[in-house]
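Novice: Take a look at the following structure, please.
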């Protein structure tokens, strides 16, 4: 069956004596009443079984006579195309389903077409909804549920807003793409829930951009975006790591209560996935560097606002990205010796203090290191000979507690070694076990713990090579941990000025 064309619609419009807002509905109803199998009316809904093509070849071709198109109670089983038609007014009302809806305006002189008003009143479904190269004076969304992919390519918005955005949530279940778009006077995306990918790549915001309390459940791409004024991300929740690489914030950035806390594993998976799906042939190291640039921008914006505490958290994620970048180079045998050392340092500080942001974690590492050192030192000096240990510390009350024939002769010290090994791999008991060992060490001989450099410079002849090596390693480790501990305690000092 042949498609429904602009020429047919105009012929019907000429028979109407006055302008009618529902002319499209009347036209399609007219076709169904004339037993035109292209349109069927079922349960007060018009089922359009063929393509609808309102297409002009150029500006000299016949134009659409009625520029205001109201879609209501219509299901389009095939594509709807509107091409090179200017001054459109589009209203998408109740009970509308599209397969693919395409509006494009590409002339030889590359001027944009114009849509005076695009208002999506009610929830609607589509596979693909695409608008290309149009200037949209007013885009108003009052639908709370949008099913399908929306693509706006090189569009220019005078106003983009939601209707009663303060009181409702707006759910987008398909991919949303704003590619190289321009937002001039109003850009409001408050209370949005994006269930799929959203892409603002290379878009420009000449006005304040509002994303208050929005939720991004999948990847959000703000690559190369430009924000001339304030960008408001108050209360925003990013469930996947966003990409703000090479974005430009000329005004302030509001990130108060924004949830941008990602762990190392989740960040690595996101970068790996984005690297595999991107159209650019970038290596994993290059993708990681792009993501690192995102958090560097946030960090610098927060430092500019004197919000050093939140800036430190973004600096932490920035270092995660750097570590992933270096790991990629190392795995591909492209890293220098310096990069190899940097990778080891980043791993050390991530595991011990989460890059100087987790005070509890660094205290736990210090306690575990002391306890482990004590057990290893005991093992080197005494092995299973608990009797010699008790004899060497006969004047110490805590050592005398072990002076029992049952404890000494039953080799229970072997059980201690087993427990120490198990505690290293069982997170739930690790800290408690080594805290007890540390406390006992303090009671027996505190100098082994705190007089680190004294142990190095005043070793006696009875110390074995293994014992001296252990003390050297312990001294270096404790120096790094104590440095990290004081730096984490001060916290703000980790943010570069």
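Throughout, read-outs are computed from the coordinates displayed, never taken from laboratory work. Source: prediction; values computed, not measured. Cβ sites come from the backbone with ideal geometry, for glycine too, and all protein chains shown count toward neighbours.
Novice: What's the Cα-based Rg to Rh of region 4-253, Rh via Kirkwood? List each step's numbers first, then the result.
Specialist: Details: Rg = 19.0 Å, Rh = 19.0 Å.
Here the Rg-to-Rh quotient is 1.00.
Novice: Taking N as the number of residues in region 272-373, what value does Rg over Cα atoms divided by 2.2 N^0.38 Å take? Write out the running numbers ahead of the final one.
Specialist: Numbers: Rg = 16.0 Å, N = 102, 2.2 N^0.38 = 12.8 Å.
Ratio of Cα Rg to 2.2 N^0.38 Å: 1.25.
Novice: Label-point separation (nm) for residue 429 and residue 476, each offset 7 Å from Cα along Cα-to-Cβ?
Specialist: 3.2
Novice: What does the highest-first list of 68-79, 320-331 look like by mean Cβ count within 10 Å? Provide the component values of the computation, followed by the final result.
Specialist: Details: 68-79: 18.9, 320-331: 21.0.
In descending order of packing, they fall as 320-331, 68-79.
Novice: Also: Using a Förster radius of 41 Å, what is the FRET efficiency between residue 145 and residue 490 based on their Cβ-Cβ separation? Nearest 0.05, please. Don't jump to the answer; show the numbers that get you there.
Specialist: On the way: r = 49 Å, r/R0 = 1.19.
After rounding to 0.05, the efficiency reads 0.25.
Novice: Mind listing P(r) for region 141-228? All alpha-carbon pairs, 5 Å bins, whole percents.
Specialist: Using 5 Å bins, I get a P(r) of 3, 14, 25, 30, 22, 6, 0 for region 141-228.
Novice: Now a separate question. Which value results when the Cα radius of gyration for region 17-91 is divided by 2.2 N^0.38 Å? Walk me through the numbers before you get to the answer.
Specialist: Working: Rg = 12.9 Å, N = 75, 2.2 N^0.38 = 11.3 Å.
Computed over Cα atoms of region 17-91, the ratio equals 1.14.
Novice: Okay, next question. Where does helix 413-425 land angle-wise versus the long Cα axis of the chain, in degrees 0 to 90, nearest 10?
Specialist: The helix 413-425 is inclined about 20 degrees to the chain.
Novice: Suppose the Debye formula is applied to equal point scatterers at every Cα of the chain; what is log10 I(q)/I(0) at q = 0.08, 0.09 Å⁻¹?
Specialist: -0.68, -0.77
Novice: Mind checking the full-extension length gain between residue 49 and residue 363? Use 0.36 nm per residue of separation minus the Cα-Cα distance, one decimal, nm. Mind showing how you got there, number by number?
Specialist: Values: separation 314, 0.36 × 314 = 113.04 nm, distance 6.93 nm.
My answer for the length gained is 106.1 nm.
Novice: How far is it, in nm, from the label point at residue 246 to the one at residue 348 when both lie 7 Å from their Cα along the line to the Cβ?
Specialist: 3.6
Novice: To the nearest 10 degrees, how steep is helix 337-353 against the longest Cα principal axis of the chain, on a 0 to 90 scale?
Specialist: Rounded to the nearest ten degrees, it is 80.
Novice: Next question. Please give the contour-minus-distance gain from residue 415 to residue 337: 0.36 nm per residue of separation, less the Cα-Cα distance, rounded to one decimal in nm.
Specialist: Details: separation 78, 0.36 × 78 = 28.08 nm, distance 4.21 nm.
Gain on extension, residue 415 to residue 337, equals 23.9 nm.
Novice: Ok, one more. Roughly what angle does helix 264-277 make with the longest principal axis of the chain, taking Cα atoms, 0 to 90 degrees, to the nearest 10?
Specialist: 40
Novice: If packing is taken as the average count of other Cβ atoms within 10 Å, what order do 421-433, 294-306, 475-487 fall into, highest mean first?
Specialist: Details: 421-433: 12.8, 294-306: 19.2, 475-487: 15.8.
Averaged packing, sorted descending, gives the order 294-306, 475-487, 421-433.
Novice: Something else about it: Please report how far the C-alpha centroid of region 323-381 lies from that of region 150-186, rounded to the nearest whole angstrom.
Specialist: Their Cα centres are 45 Å away from one another.
Novice: Average projected area of the Cα convex hull of region 47-165, in nm²? Write out the running numbers ahead of the final one.
Specialist: Values: hull surface 28.3 nm².
Answer in nm², one decimal: 7.1.
Novice: Quote to one decimal, in nm, the extra length available between residue 206 and residue 186 on full extension: 0.36 nm per residue of separation minus the C-alpha distance between them. Don't skip to the answer; put the middle values down first.
Specialist: On the way: separation 20, 0.36 × 20 = 7.20 nm, distance 0.87 nm.
The span from residue 206 to residue 186 would gain 6.3 nm if fully extended.
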